[in-house]
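Q: To start, I am sharing the structure in question, which I have written as structure tokens.
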Amino acid sequence: MIPFSYIRAGSADEATAAGKEPATWFLAGGTNLIDLMKETVERPARLVDINQLPLDQIETLPGGGLRLGALARNADTAYHPTVEADYPLLASAILAGASPQLRNAATNGGNINQRTRCYYFYDVATPCNKREPGSGCGAINGVNRIHAILGASDQCIATHPSDMCIALAALDATVQVTGPAGQRSIPFADYHRLPGDNPSKDNTLQPGELVTAIDLPDGKFTKNYTYLKLRDRLSYAFALVSVAVAMKLEGGAISDLRVALGGVAHKPWRRPEAERQLLGRAPDDAAFSEFADALLDGAVGQGENDFKIPLARKAIQRALRQAAAGTPQSQVDKRIA
Amino acid sequence: MPPQATLQPAAPAFDVKVDFSLTINGRKHSFSVEPWVTLLDLLRERLDLTGSKKGCDHGQCGACTVLVDGKRINSCLKLAVTLDGSEITTIEGLADGDRLHPLQQAFVEHDAFQCGYCTPGQICSAQGLINEGRARTAAEIRELMSGNLCRCGAYTNIVDAVEEVVRQGALHKEAAE
Ligand SMILES: Cc1cc2nc3c(=O)[nH]c(=O)nc-3n(C[C@H](O)[C@H](O)[C@H](O)COP(=O)(O)OP(=O)(O)OC[C@H]3O[C@@H](n4cnc5c(N)ncnc54)[C@H](O)[C@@H]3O)c2cc1C
Ligand code: SF4
Ligand code: FES
Ligand code: FES
């Protein structure tokens, strides 16, 4: 690892003041940042250790909803009784990701800020616009089996690798941040960005801004939901395609629907207008098939990842069926019912 | 190769060593080390606790698994300085003198290893799994041990060994209630 200086932040103000300096990074669980530093992909001059900050609580919000502290660990979040009872979609998505050891170390703030697993991004001997703006993109016309089919640009076709974020997108979470210019709330849909002509930026955080919490709204989806993750091996692997569904049924018709796709774009992929089209419809195969087409409208393969388009289409339909039937995908028994 | 200059941090102004202390296998240690030293390197290179293995150094294999305050983590991705005041348990700290830990005993009895390289990580991970109390069935054990790869493919016997100790624990719990 390239030497760096290290400070322990004693308060959020101290962290954000230090964090806005150039080449300075926050360190939470370290499971992504330390890995990238070993590869010299990230080369901080200074790390600001935020682990001492009192941001590890999970607490009910006064107006309903749940606040997940940025430093609460992924495992503690998934196994929190309120998350298990009221937000099982989130628990399921977290448990579908990484390994028990990694989930014990990984924090919620770190999870949403984890970087892409694009092979070229990791390999400093190759061009990559995300790592080295202007150097080119190794994945376009290269090895791109894990890359995006939606929302990519001619500069970057990377995907966001998080499972947790796919559930947070479907649940309409809000990211709470504090920074040199004060506090603000960012709707989850606006937190991550598409690569466009600036792929080096994954999200809309400003220099020095620290994520303090992620808020879940009151609307609970405890029956008709599922997190379906498809990957090259059954555990301890990133998603090729994943689908988070949160649905409500009333009198045999869909009364609420949120669907987010993972593994297919630079950010969790949702199309609220397509979701609205399904309201009032019976939860049947015809509706699900139309919805899959609408959600995947404009999808393009890059060669090696062409298979993701039909795979995503089937996964969306299957996940909608699982949710409608109230039979969420088990994260232990990986057979897909 | 990119030019060497791009590998240098922008402002290398570091006050190199950081002081912190850890309790490792019941003994308190004080350290003054560079912040980039991982817990795995601290254990292996500075304390000669070479039971924890470096398989991949990237969180991808589980050979470096240790317990921090009773929770299993990958020590290769953890900077030691960030753990000030924590209690670390490694494979060297599990046995009770000459008496093997129940997991060690079960691994021997079930022939749950071949080369043994993954074994310290497997056993520490299994102890973490037991502390978490989330695995009862063999399927749950398999899923919750998935953070530990075994290149020799001793998986079925590893699951048998862990299942036996999980079951013993459940029996003890019942007896105590
Ligand atoms: C082998 C392996 C397999 C994995 N598999 C999966 C998987 O299947 N699914 C999945 O979803 N994930 C997977 N992960 C990724 C894992 O979930 C992330 O590494 C983890 O969530 C990052 O959290 P952390 O606290 O360790 O972050 P860190 O590594 O500490 O930080 C990551 C980034 O977030 C920034 N950051 C951290 N906290 C804050 C904050 N509060 N405010 C602002 N910025 C912040 C840091 O500066 C850094 O840039 C895997 C990781 C590994 C190593
Ligand atoms: S896809 Fe994005 S991250 Fe991957 S090489 Fe291209 S620019 Fe870099
Ligand atoms: S050495 Fe730490 S996970 Fe492989
Ligand atoms: S026993 Fe050889 S790697 Fe597991």
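The values are calculated or read from the model by the stated rules, or taken from the named source; none is laboratory data. Since the model is a prediction, treat every value here as computed from it, not as a measurement. Cβ coordinates were reconstructed from backbone atoms using ideal geometry, including for glycine residues, and neighbour counts include every protein chain displayed. Side chains are part of the model used for accessible areas, which takes the heavy atoms of the whole protein and leaves out ligands, DNA and RNA. Shrake-Rupley method; radii C 1.70, N 1.55, O 1.52, S 1.80 Å.
Q: In segment A:119-137, which residue that is closer than 18 Å to A:E42 by Cβ and touching a Cys at 6+ places or on another chain (Cβ under 7 Å) is nearest to ligand 3 (Cβ to nearest atom)?
A: A:F121
Q: List pairs: first in segment A:188-213 and free of Cβ contacts under 8 Å to residues at least 12 places away in the same chain and assigned to a loop (DSSP other than H, G, I, E, B), second surrounded by 22 or more Cβ atoms within 10 Å (Cβ to Cβ) and charged (D, E, K, R), Cβ under 8 Å, 6+ apart or cross-chain?
A: Here the result reads none, with nothing in segment A:188-213 linked to a residue that is surrounded by 22 or more Cβ atoms within 10 Å (Cβ to Cβ) and charged (D, E, K, R).
Q: When only residues in segment A:139-168 that are open to solvent by less than 10 Å² (accessible area, probe 1.4 Å) and small (G, A, S) count, which is farthest from A:C118 (Cα to Cα)?
A: Checked segment A:139-168; the qualifying residue farthest from A:C118 (Cα to Cα) is A:A167.
Q: Further, regarding this structure: Which residues, counting only those in segment A:41-51, are open to solvent by less than 30 Å² (accessible area, probe 1.4 Å) and either in contact with a Cys (Cβ under 6 Å, 6 or more places away or on another chain) or more than 9 Å from ligand 1 (Cβ to nearest atom) (or both)?
A: A:V41, A:A45, A:D49, listed by residue number.
Q: Further question: Scan segment A:79-103 residue by residue and report those that are part of a helix (DSSP H, G or I), without any contact (Cβ under 8 Å) to a residue 40 or more places away in the chain and surrounded by fewer than 24 Cβ atoms within 10 Å (Cβ to Cβ).
A: A:P81, A:T82, A:V83, A:E84, A:A91
Q: Next question, about the same structure. Whether any residue in segment B:130-145 is of a type in the set (S, T, N, Q), open to solvent by less than 50 Å² (accessible area, probe 1.4 Å), free of Cβ contacts under 8 Å to residues at least 12 places away in the same chain and facing another protein chain (nearest Cβ under 10 Å) is what I want to check.
A: No, segment B:130-145 has no match at all.
Q: What's the number of the only condition in (1) in contact with a helix residue (DSSP H, G or I) (Cβ under 9 Å, 6 or more places away or on another chain); (2) open to solvent by 30 Å² or more (accessible area, probe 1.4 Å); (3) among the small types (G, A, S) that A:S135 fails to meet?
A: Just one mismatch for A:S135, condition (1).
Q: If A:D172 passes every condition in (1) open to solvent by less than 10 Å² (accessible area, probe 1.4 Å); (2) on the phi > 0 side of the Ramachandran plot but one, which one does it miss?
A: Unmet for A:D172, out of (1) open to solvent by less than 10 Å² (accessible area, probe 1.4 Å); (2) on the phi > 0 side of the Ramachandran plot: (1).
Q: While we're here: Scanning segment B:32-43 for residues that are over 16 Å from B:T119 (Cα atoms) and free of Cβ contacts under 8 Å to residues at least 40 places away in the same chain, which turns out farthest from ligand 1 (Cβ to nearest atom)?
A: Filtering first and then ranking leaves B:S32.
Q: Checking the structure you have, find out if any residue of segment A:178-187 is closer than 19 Å to A:N32 by Cβ and in contact with a Gly (Cβ under 9 Å, 6 or more places away or on another chain).
A: Taking every residue of segment A:178-187 in turn, none turns out to be closer than 19 Å to A:N32 by Cβ and in contact with a Gly (Cβ under 9 Å, 6 or more places away or on another chain).
Q: Among the residues of segment A:52-75, how many are surrounded by 21 or more Cβ atoms within 10 Å (Cβ to Cβ) and under 15 Å from A:G110 (Cα atoms)?
A: 10
Q: Identify the residue in segment B:22-68 that is within 10 Å of chain A (Cβ to nearest Cβ) and farther than 18 Å from A:K38 by Cα and, among all such residues, is nearest to ligand 2 (Cβ to nearest atom).
A: B:T65
Q: Next question, about the same structure. For segment B:69-87, indicate whether the set of residues that are more than 11 Å from chain A (Cβ to nearest Cβ), assigned to a strand (DSSP E or B) and either within 13 Å of ligand 3 (Cβ to nearest atom) or surrounded by fewer than 22 Cβ atoms within 10 Å (Cβ to Cβ) (or both) is non-empty.
A: yes
Q: Follow-up question, since we're still on this one. State all residues of segment A:9-47 that are at the interface with another protein chain (Cβ under 9 Å from one of its Cβ atoms) and either modelled with pLDDT under 95 or in a loop (DSSP other than H, G, I, E, B) (or both); if no residue qualifies, say none.
A: Selection gives A:E21, A:P22, A:A23, A:G29, A:G30, A:T31, A:N32, A:E39, A:T40, A:R43, A:P44, A:A45.
Q: Looking at segment A:17-35 only, could you name the residues that are touching a Pro at 6+ places or on another chain (Cβ under 6 Å) and either under 25 Å from B:L39 (Cα atoms) or of a type in the set (S, T, N, Q) (or both)?
A: Answer for segment A:17-35, where residues must be touching a Pro at 6+ places or on another chain (Cβ under 6 Å) and either under 25 Å from B:L39 (Cα atoms) or of a type in the set (S, T, N, Q) (or both): A:A23, A:W25.
Q: Is it true that A:K248 is away from chain B (no Cβ under 14 Å), closer than 30 Å to A:F121 by Cα and open to solvent by 60 Å² or more (accessible area, probe 1.4 Å)?
A: No, not satisfied.
Conditions tested, residue by residue: (1) at pLDDT 95 or above; (2) small (G, A, S); (3) farther than 27 Å from A:V48 by Cα; (4) not assigned by TED's automatic domain parsing to the domain that holds B:G169.
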| residue | (1), (2), (3), (4) |
| --- | --- |
| B:V33 | yes, no, no, yes |
| B:K53 | yes, no, yes, yes |
| B:Q60 | yes, no, no, yes |
| B:C76 | yes, no, no, yes |
| B:L79 | yes, no, no, yes |
| B:G85 | yes, yes, no, yes |
| B:I88 | yes, no, no, yes |
| B:F107 | yes, no, yes, no |
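Q: Can you tell me which residue within segment A:212-242, out of those that are open to solvent by 10 Å² or more (accessible area, probe 1.4 Å) and closer than 29 Å to A:A12 by Cβ, is modelled with the lowest pLDDT?
A: This residue is A:G219.
Q: Among the residues of segment A:75-128, which ones are within 16 Å of ligand 2 (Cβ to nearest atom) and out of contact with any Phe, Trp or Tyr (no Cβ under 8 Å at 6 or more places or on another chain)?
A: A:N113, A:Q114, A:T116, A:C118, A:Y119, A:Y120, A:F121, A:Y122, A:D123, A:V124, A:A125, listed by residue number.
Q: Another question, then. Of all residues in segment B:88-101, which are part of a helix (DSSP H, G or I) and buried (at least 18 other Cβ atoms within 10 Å of the Cβ)?
A: Matches in segment B:88-101: B:I91, B:G93.
Q: Suppose we filter B:F107, B:F113 for residues that are open to solvent by less than 10 Å² (accessible area, probe 1.4 Å), within 16 Å of ligand 4 (Cβ to nearest atom) and among the aromatic types (F, W, Y); which single one remains?
A: B:F107
Q: Hey, another quick one. Where residues in segment B:146-170 are surrounded by fewer than 23 Cβ atoms within 10 Å (Cβ to Cβ) and facing chain A (nearest Cβ under 10 Å), which of them is nearest to B:R72 (Cα to Cα)?
A: B:S146
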